[in-house]
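Contents: one structure, followed by commentary.
The values are calculated or read from the model by the stated rules, or taken from the named source; none is laboratory data. Keep in mind the model is a prediction, meaning the values are calculated, not measured. Here the Cβ positions follow ideal geometry from the backbone for every residue, glycine too, while neighbour counts run over all protein chains shown.
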Amino acid sequence: MQSVGKRSPSAPTLQALLYYQLVCAQPTRSGRRSAPSMETFLRRSLRQFRTEHPDHASLLAQRFLEQVTAKEVALQQAISPETVNRNQQRAIQVFADWLLAQEHEARLQRQAELLACLPPASFAELVGAKPMQAKLHRLLTSQQLPWVICLTGIGGIGKTSLANQAVRSLLPDSDYNRVLWLQAAEGQAFSQQSLLNALSKQLLPATLPASERLPALQLALKNEPTLIVLDDVDSELADPAWVDWLHALAQPSRFLLCSRQRPAALARAYVLTLSELPAKAALELMSLQAREVGLEASLPLIRKHAAALYARTGGNPLALKLAVGLLHSWPISAVLDALHERTHADIDAVYTAIYQASWQALNQPGRRLLLAMPLVGSQGASLAQLRAISGLSAAALRNAVHELHQRSLLEASGDAEHKRYAIHALTRSFLRTQILNES
């Protein structure tokens, strides 16, 4: 550690710490905020360090803030300069260890805050997605282009799950100050105005006039790197100007889009296309799903008919899981007959066939709970909330949850103490269009 004001080899390392940023961002007692500096950091952190190590903190403050020489400290304490130097080296080591501990705590706190911004993880493992996840991770952590990334693929291919897992994987060492996850309301697009309103609500004071929101938002996203995930983007990508508008907000902030549609040819978006699973990965996914929902006895049949199941689902992860769920009540031959032979482009027909078959196999409480699920948002609902919206008794609800989960119609997230339940967007669409007959 050298005198404040002189260039120190350790300064860039300290300035890169999250703890450095947090300490320097603290306002003074008068409420004013000063520009980050090494002197500000040392003064404020040493005040906190003093509560645990008063002697070490006092010596460091004398030597590096007050510029007291080692000889002067030796005279004050009636010890030799050599002893002062040894004490100083010891104090520096203890202070460095303390700073690392503070940095670790700050990182854990930041990670917890960012995780709370994400939808629950309904997956235990993403089969066949590791190469794509690694590539997305590299793109999201890059200090360079691209600033707008688009995950595209047919419904149920796993875009949301991949985005969720990729964002979670970067949080421990993330350079993003914030993560926002926004999902388009069903049937509605992210217009520039609606997106501006949604981002302003999250990032700007509520009292800010509407005319000042756009420049204030641009400034906020330039000053604090933010990762913004826009889930279920659709028709917006047909307009290159809409993507250009995102670029005006980005850098160093970044946008990650999940969409069934590819961006327009002139849109400045880095496109990652998710393809169907290869046959080997599809079998692995079906096997994992069978074990999760208590169908271990069906594993030999699944392996035997894996090629036929794969041909009829197109290697689509959601379709594969739904097909496995049908084995709770149907023989494998009936499942294959219900699916028929479909082409990759006809995946909607595959979903319709599976959902209709699953619906017919459900008992009355299961149907009742499933019909109530469109009322549940993307964050999911607890058992108590499900009971309130379904009107089922506690016992009937538990049985219905078990049945829907077995058939892959219900996504469970959380841990053994706190569980939340939701449905996939395609399940929601099937209920509204095929069962409830909503337009």
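Per-structure values
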{"read-out": "Leading residue by the ranking (modelled with the lowest pLDDT) among those in segment 370-404 that are touching a Pro at 6+ places or on another chain (Cβ under 7 Å) and in a loop (DSSP other than H, G, I, E, B)", "value": "SER378"}
{"read-out": "Residue count, segment 275-313 (criterion: in contact (Cβ under 8 Å) with a residue 40 or more places away in the chain, of a type in the set (Gly, Ala, Ser) and surrounded by fewer than 16 Cβ atoms within 10 Å (Cβ to Cβ))", "value": "2"}
{"read-out": "Condition met for LEU151 (crowded, with 18+ Cβ neighbours inside 10 Å and either of a type in the set (D, E, K, R) or in contact with a Lys or Arg (Cβ under 8 Å, 6 or more places away or on another chain) (or both))", "value": "yes"}
{"read-out": "Selection status of ASP348, surrounded by fewer than 22 Cβ atoms within 10 Å (Cβ to Cβ), within 30 Å of the chain's Cα centre (by Cα) and not in a loop (DSSP other than H, G, I, E, B)", "value": "yes"}
{"read-out": "Qualifying residue in segment 207-217 (condition: among the hydrophobic types (A, V, I, L, M, F, W, C), touching a helix residue (DSSP H, G or I) at 6+ places or on another chain (Cβ under 7 Å) and closer than 26 Å to ARG260 by Cα)", "value": "no"}
{"read-out": "Test: residue in segment 314-337 that is surrounded by fewer than 17 Cβ atoms within 10 Å (Cβ to Cβ), polar (S, T, N, Q) and more than 23 Å from LYS159 (Cα to Cα)", "value": "yes"}
{"read-out": "Some residue of segment 202-223 being of a type in the set (A, V, I, L, M) and either within 30 Å of ALA308 (Cβ to Cβ) or touching a Phe, Trp or Tyr at 6+ places or on another chain (Cβ under 6 Å) (or both)", "value": "no"}
{"read-out": "Options LEU126, LEU59, LEU46, LEU42; residue that is without any contact (Cβ under 8 Å) to a residue 60 or more places away in the chain, touching a helix residue (DSSP H, G or I) at 6+ places or on another chain (Cβ under 9 Å), closer than 30 Å to ALA279 by Cβ and surrounded by 12 or more Cβ atoms within 10 Å (Cβ to Cβ)", "value": "LEU126"}
{"read-out": "Qualifying positions in segment 210-235 - polar (S, T, N, Q) and either within 17 Å of the chain's Cα centre (by Cα) or more than 19 Å from HIS247 (Cα to Cα) (or both)", "value": "SER211, THR226"}
{"read-out": "Segment 378-411 - residue that is among the aliphatic types (A, V, I, L, M) and surrounded by fewer than 18 Cβ atoms within 10 Å (Cβ to Cβ) and, of those, nearest to ASN164 (Cα to Cα)", "value": "LEU383"}
{"read-out": "Segment 221-257 - residue that is aliphatic (A, V, I, L, M) and surrounded by fewer than 15 Cβ atoms within 10 Å (Cβ to Cβ) and, of those, nearest to LEU204 (Cα to Cα)", "value": "ALA248"}
{"read-out": "ALA189 vs. criteria farther than 26 Å from LYS135 by Cβ and without any contact (Cβ under 8 Å) to a residue 24 or more places away in the chain", "value": "no"}
{"read-out": "Subset tally (residues that are of a type in the set (Lys, Arg) and touching a Pro at 6+ places or on another chain (Cβ under 7 Å)) for segment 405-428", "value": "2"}
{"read-out": "Qualifying positions in segment 52-85 - assigned to a loop (DSSP other than H, G, I, E, B) and either within 24 Å of GLN15 (Cβ to Cβ) or at pLDDT below 90 (or both)", "value": "GLU52, HIS53, LEU65, GLU66, GLN67"}
{"read-out": "Residue identified as surrounded by 15 or more Cβ atoms within 10 Å (Cβ to Cβ) and either touching a strand residue (DSSP E or B) at 6+ places or on another chain (Cβ under 6 Å) or in contact (Cβ under 8 Å) with a residue 24 or more places away in the chain (or both) among LEU170, LEU214, LEU204, LEU196", "value": "LEU170"}
{"read-out": "All helices (runs of 4 or more DSSP H) inside segment 96-209 with 3 or more residues being more than 21 Å from TRP245 (Cα to Cα)", "value": "130-141, 159-170"}
{"read-out": "Residue in segment 262-278 that is under 24 Å from the mean Cα position of the chain (by Cα), more than 26 Å from GLN133 (Cβ to Cβ) and among the aromatic types (Phe, Trp, Tyr) present", "value": "no"}
{"read-out": "Complete set of residues in segment 119-141 that are at pLDDT below 85, in contact with a Lys or Arg (Cβ under 8 Å, 6 or more places away or on another chain) and among the aliphatic types (A, V, I, L, M)", "value": "ALA121"}
